[in-house]
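In what follows, a single structure is set out as structure tokens and then discussed.
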Amino acid sequence: MGLAVENVSKSYGDLSVLKDLSLTLQKGEIVGFLGPNGAGKTTLMRILTGYLTDWEGRIYFDSEDLKSNPQAVQKKLGYLPENNPLYGDMYVKEYLSFVGGLYGKNKLPIENVAEKVGLQNHMSQKIHTLSKGYKQRVGLAAALLHDPELLILDEPTTGLDPNQLHDIRQLIIELGKEKTIFLSTHILSEVEALCDRVIIIKSGEIVLDTALKRLRAKEKQIVEVTFDYRVEITALERIKNAAHVKNIFDFKYEIEFDTPEDRRPLVFDFAHDNGLKILSLQHKSKNLEQLFNELTAS
Ligand code: ADP
């Protein structure tokens, strides 16, 4: 068992935001929650954390019912809200003790949690002096203090620069080894990099709920590569399984392969054999992007 959401509906006045929505989260999964802006992602997350109480349906965590025993469920959940509101004037350690106090526990593993999220050398710093990536770490530490089983992360990487993005994603992968993670995002590549499963929501209804593995098995892959020099399209088309090659911009090419097998090593070999340097290389799943566009088009 894990979390079960059964037939949940929620309206704000006349606006129906969640419509008879059901999903389950199994222990140990990292699940990506995708949808266009306004689809209802934050609303569901706020319901799960007990912040919103006026809704219909049933939600359980193991055998605990959220409506009749919210505290029992809240103990098992950690929440990193969108925009991660923090008290900038507090020192990191002070803030974590303060949040710990809200859980009503006097002995909290603050140092352990700080180390887990890489904050151990920043404990005496004021929060407003930290970079956005480190502020996210403080938010994550706060969400982890009571050792929850499920972490709910609302757009955890929005606004991060590429280095911070990489670090926070690594951290989420690490945390996912011990915890169930439910994370909302509108970045498809993030779901591909982090998640075992994807749930897509549109106008308050689930339009896709599937394991990434199943998508990958069917997928055509696209490799986007930038070389340091111009390359003949016909030469790139000779790489094994290359089905279609497009020159996107200057020395940047998109190669579509008709196999789910990772063909990046062959692109490296191609560059090496032709005396080229690779300036960037990105792997994209055509299926997820296509599915998302098809399923969420209005
Ligand atoms: P998402 O997180 O997917 O962007 P939200 O759950 O934030 O979507 O919002 C879903 C819909 O509910 C949007 O149309 C939004 O404007 C509306 N909404 C969200 N919060 C409120 C609120 N407190 N009062 C009224 N409408 C709201």
Please list, ordered by first then second residue, the pairs with beta carbon atoms under 8 Å, 6 or more apart or interchain, first in the range 284-298 and closer than 12 Å to Val198 by Cβ, second modelled with pLDDT under 80 and in a helix (DSSP H, G or I).
Ser285/Leu215; Ser285/Arg216; Asn287/Leu215; Asn287/Arg216; Asn287/Lys218; Leu288/Leu215; Leu291/Leu215
Any residue that is touching a Lys or Arg at 6+ places or on another chain (Cβ under 6 Å) and surrounded by fewer than 14 Cβ atoms within 10 Å (Cβ to Cβ) - is there at least one of those in the range 233-250?
no
It is to be established whether one or more residues within the range 21-40 are charged (D, E, K, R) and within 16 Å of the ligand (Cβ to nearest atom).
no
Assuming Asp228 fulfils every condition listed in (1) modelled with pLDDT of 95 or more; (2) open to solvent by less than 30 Å² (accessible area, probe 1.4 Å); (3) acidic (Asp, Glu) apart from one, which condition is it?
(2)
Go through (1) crowded, with 21+ Cβ neighbours inside 10 Å; (2) within 12 Å of the ligand (Cβ to nearest atom) and name the single condition Tyr51 misses.
(1)
On the basis of being within 20 Å of Ile187 (Cβ to Cβ) and over 27 Å from the mean Cα position of the chain (by Cα), does Ile222 make the cut?
no
For residues in the range 254-279 being open to solvent by less than 70 Å² (accessible area, probe 1.4 Å), among the charged types (D, E, K, R) and outside any loop (DSSP other than H, G, I, E, B), which is farthest from Arg238 (Cα to Cα)?
Glu254
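Could you please let me know if Phe61 is without any contact (Cβ under 8 Å) to a residue 12 or more places away in the chain, more than 13 Å from the ligand (Cβ to nearest atom) and closer than 18 Å to Leu144 by Cβ?
On the way: without any contact (Cβ under 8 Å) to a residue 12 or more places away in the chain: no; more than 13 Å from the ligand (Cβ to nearest atom): yes; closer than 18 Å to Leu144 by Cβ: yes.
So Phe61 does not fit the description; no.
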Inside the range 187-225, can you point out the residues that are surrounded by 16 or more Cβ atoms within 10 Å (Cβ to Cβ) and of a type in the set (Gly, Ala, Ser)?
Ala193, Ser203, Gly204
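The values are calculated or read from the model by the stated rules, or taken from the named source; none is laboratory data. Fair warning: this is a prediction, and the values are worked out from it, not measured in the lab. Because the Cβ atoms are built from the backbone with ideal geometry, glycine has one as well, and the counts that use them run over all protein chains shown. Quick note on the areas: whole protein, heavy atoms, side chains included, nothing else; ligands and nucleic acids left out. Shrake-Rupley method; radii C 1.70, N 1.55, O 1.52, S 1.80 Å.
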